Every structure is written in structure tokens, then in C-alpha cells.
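Asker: I have a structure here, written as C-alpha cells, and I will follow up with some questions on it.
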Amino acid sequence: MNRIPASMSRRSFLRGTGVSLALPFLDAMWPGRASAAGAAATAPKRMVTVCASLGIYVPDLIPTKTGRDYELTPYLSQLKDHRNDFTVFSGLSHPEQSGADGHSSEMTWLTAARHPGLGGFRNSISLDQYVAEKIGYETRYPSLVLGTGGTSQSYTRSGVMIPADSKPSQIFAKLFLDGTPDQIKNQMRKLREGRSIMDTVTEEAKRFERRVGSADRDKLDEYYTSVREMEQRLAKAEDWVQKPKPKVDATAPQDITNEADTIGRMTLLFELIPLALQTDSTRLITILLQARGDVPPVQGVTIDHHNLSHHGQDPEKIRQLRLIEEAEFRAFNGLLTSLKAKKEGGGSLLDSTMVLFGSNLGNANSHDWHNLPMVLAGGGFKHGQHLGFDAKNNIPLSNLFVQMLQRMSVETDAFGTSTGASVPGLV
């Protein structure tokens, strides 16, 4: 068997001053490629989970009909181009989630520990960290724990929360910038000035490209373009922080800080996901979306998100809530589109990546943790359906987690509060 040179292994990098740019999987990097011409390579399995902690308005998400010929709801219409790439679930939940307050269940969305926050409560290991214990050593970062705030849903085996990285520029630097603090600071300054990382590694990139085939060169060109676009987005986002604000002779209204732009920050985090996965920097990513007390800069929204989630059936509050959540699903659609567009091993990045999007609240208006809204995309499952289960006697969400663990090649038939090794109908 011809061996791939070490310099063309799946951990290949392009290096420059203060920069270490990981490369995506290329045809030339797949083990056994030389001896198995034309054979489809097996891509590594990945898992992404995204939780909207303020809930999702279920009437606009869950179809009334189960099976494959359901009608798209307003939120699922945002994902219409990916109808066969996802499954929507109803009738799933974690049992015994009554906790210290109505939002305590966000601590246990990935753990299934009972009665969160009450006296004597100790959280258990989260789904992502359970997998990280098994395969985390295979990538530079065992997992990426992200969020729009500092809180996360990732917990160690001892029940300690792992703080979330919430600044996209710092996450980008963590993934791609290497060197001393001064070198990294200098490179970030260059990015703000519009100078790409690619400017630093261009010569090495040209040498590398001469050693791969045309398909790999096309893939590299697409990847470099994605890096440049991400840099431009980050530079613009940081630019507003650096610029002084105009002076006006008026009483200042309550300022809406960057933390209020949950959709914008969510979108930037979503844009980092394909880059992190494609370079095999990690195979496990969690994102917690939080926006309590903030009025998001969404056109037509004048009330803070937390207040809107407790709409009390007020039509105006529901209208504004829909505007926010439709924007969230458009961002989710962008993530799926990006993952599906990136090819590897005879398939797409979405084929090898499970993306779970949902909430720890089934009805945020009443803090009800039953009947959780859940959408699972990608990962090689046969999608295109609505799997609905008993609204009064829910199937444990942990049963779905078991299937996700098995898809990640983790041999187990139990996790959390699971009662079986599968969710009926998901294959």
C-alpha cells in the first residue's frame, strides 16, 4: 500500500508568521486512497447541537400531520430546500425536569439529569462530553463549546459546566491563529485592515496545490474563499466596537449592546462551524442561544425576547416572537446550506454531521418542559419526515441521544434517562 506522505496527512497545515491554517480533508489525504482508486472514503462523524433556551413557538414549527407528506409550517418553510435533509420530532422530552425555576431545564438539555437546580442536584455528563471522552483525542480540540453568552450546556462527568466561548473573533483565532500573544494580536490587526491570513501563507499554499489533483485544488479554492469571507465578517463586526460613537445633544436612550444581536452573533457562530469541522479541528460543537431581557435588532421587534416568549397568547407579542424565530430558522438554513455545499469523501459535510436544533422548553410561555421542539438534520439518517409521539406520555429524548451516540460510533445502548436504544421510525 502506498502511504500518503506525512506532509499530506489529514492534519496538514499551511504555516506563516503567527498563523497556522488547518486544511480541509482532501482526496489525497484519505487513508488507502492510492490503493482503492474510485472507492468512496469514509468521512469522520461529527455532531453539532444548538439549543434556543427561550423556546420555539411550537404552532409555527410542528406540523399537524406525521409522516413524510406533512405540510411545511412557517418555520420549516425556512428550511424548504432541505426538506429531505432533516426530521422534525414531537412528543420527546426529558422526564422530571421541574427545577429551581422555569429556565433550569436549560442546564440539562444535553444531560437529562432530573430536577435541575433543586437542593442536592448534581448535573451529569452532557452528550457532547460523553462522546469527547471516547474520540476527543483524535482532533486538536475535543469539543467546541459556544454560546451567545458565557453559559453553556456542556458538562463534565463531575457535573461542572464548561464555560462557552462567545466571541467569534476569539474562536476564529483559537482555530486558525498560532504564535505568541503579540503575533496573534498583530494578525488580528491585519484582519481588521483587510489583510487575509491567506496573504501570509500564499507561497506555501501554492507549493501545496502543486502536489494535489484538480478536484482538491477546487476544494482548496472554495475553502480559502470561505476563510476570507469569514475574516471580512469578523473584521466588520469588530470594527464597530473600535469606532467612537457620535456625540449628540440629547438624552441617551437605553443602549442596545452587541449582546442583544443574538441573530447576528448566532449567524457568525454558524459560519465558523463548517470551517471547524472541515479542518477536523473538532468533531463536536455545542451552541447555547440566550437572549433574556434583550430587545434584538430585528425589524418590527420592540419588546425584549424573554418577554415575548411569555406571550400569554397576546397576538402582538406572538407576531414579534415569530419575527425573531423566523430569523433564527433562516440562520439555521444557512448553516445547513453551507454544510451541504462542502464535499468530502464522496458525500457532503452535512452527510457526516448530525445537527440537532431545538429547545429545552416545549412551551416557553408556561415554562413547560414537555413535548420539546426538535429538528435533527444530516448525519446519514433517512430524513424527510415528521415523527410524532404521544403528547402526554413522551418518549425520552435520551433515546434519540442513544441513536446519535451510536452514529458517532460510540458503542452504548443507554444514556441519561433512555428507555431504549432508538426512536421509532428514525433510521
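The values are calculated or read from the model by the stated rules, or taken from the named source; none is laboratory data. This structure is a prediction, so every number in the text was calculated from the model and none was measured. Because the Cβ atoms are built from the backbone with ideal geometry, glycine has one as well, and the counts that use them run over all protein chains shown.
Asker: Out of Ser366, Ser348, which single residue is surrounded by fewer than 20 Cβ atoms within 10 Å (Cβ to Cβ) and touching a helix residue (DSSP H, G or I) at 6+ places or on another chain (Cβ under 6 Å)?
Answerer: Criteria check complete, one pass: Ser348.
Asker: So which residues in segment 396-416 are crowded, with 20+ Cβ neighbours inside 10 Å and either in contact with a His (Cβ under 6 Å, 6 or more places away or on another chain) or outside any helix (DSSP H, G or I) (or both), if there are any at all?
Answerer: Scanning segment 396-416 gives Pro396, Leu397, Met408, Phe415, Gly416.
Asker: In this structure, does Lys382 turn out to be surrounded by fewer than 18 Cβ atoms within 10 Å (Cβ to Cβ) and free of Cβ contacts under 8 Å to residues at least 24 places away in the same chain?
Answerer: no
Asker: Okay, next question. Could you tell me whether any residue of segment 267-275 is within 21 Å of the chain's Cα centre (by Cα), farther than 22 Å from Arg140 by Cα and at pLDDT 75 or above?
Answerer: Yes; the residues of segment 267-275 include at least one that is within 21 Å of the chain's Cα centre (by Cα), farther than 22 Å from Arg140 by Cα and at pLDDT 75 or above.
Asker: Please enumerate the residues belonging to segment 80-119 that are in a loop (DSSP other than H, G, I, E, B) and of a type in the set (Val, Ile, Thr).
Answerer: Thr108, Thr111
Asker: When the residues of segment 98-121 are filtered to those that are touching a residue at least 60 places away in the same chain (Cβ under 8 Å) and within 19 Å of the chain's Cα centre (by Cα), which remaining residue is surrounded by the fewest Cβ atoms within 10 Å (Cβ to Cβ)?
Answerer: Applying the filter and picking the extreme gives Glu106.
Asker: Let me ask another. Name the residue, out of Glu328, Glu316, that is charged (D, E, K, R) and either touching a Gly at 6+ places or on another chain (Cβ under 9 Å) or within 20 Å of Ser53 (Cβ to Cβ) (or both).
Answerer: Exactly one residue qualifies, and that residue is Glu328.
Asker: Could you figure out which of (1) surrounded by fewer than 21 Cβ atoms within 10 Å (Cβ to Cβ); (2) at pLDDT 90 or above isn't true of Ser53?
Answerer: If we test Ser53 against (1) surrounded by fewer than 21 Cβ atoms within 10 Å (Cβ to Cβ); (2) at pLDDT 90 or above, just (1) comes out false.
Asker: Which of the residues belonging to segment 126-145 are in a loop (DSSP other than H, G, I, E, B) and either crowded, with 24+ Cβ neighbours inside 10 Å or of a type in the set (D, E, K, R) (or both)?
Answerer: Matches in segment 126-145: Ser126, Arg140.
Asker: Just to be sure, is Gln313 outside any helix (DSSP H, G or I) and assigned by TED's automatic domain parsing to the domain that holds Val50?
Answerer: Judged against the criteria, Gln313 is a match.
Asker: Would a scan of segment 130-142 turn up a residue that is among the aliphatic types (A, V, I, L, M) and closer than 15 Å to Leu272 by Cβ?
Answerer: Looking for residues that are among the aliphatic types (A, V, I, L, M) and closer than 15 Å to Leu272 by Cβ, one finds none in segment 130-142, hence no.
Asker: Continuing with this model, one more query. Within segment 64-97, work out how many residues are exposed (fewer than 15 other Cβ atoms within 10 Å of the Cβ) and not basic (Lys, Arg).
Answerer: 10
Asker: I would also like to ask the following. Among the numbered conditions (1) among the basic types (Lys, Arg); (2) more than 22 Å from Gly67 (Cα to Cα); (3) free of Cβ contacts under 8 Å to residues at least 12 places away in the same chain, tell me where Lys392 comes up short.
Answerer: Checking Lys392 against (1) among the basic types (Lys, Arg); (2) more than 22 Å from Gly67 (Cα to Cα); (3) free of Cβ contacts under 8 Å to residues at least 12 places away in the same chain, the one that fails is (2).
Asker: Counting only residues that are among the small types (Gly, Ala, Ser) and in contact with a Lys or Arg (Cβ under 9 Å, 6 or more places away or on another chain), which one in segment 104-124 is nearest to Ser359 (Cα to Cα)?
Answerer: Step by step, filter segment 104-124, then rank; the result is Ala113.
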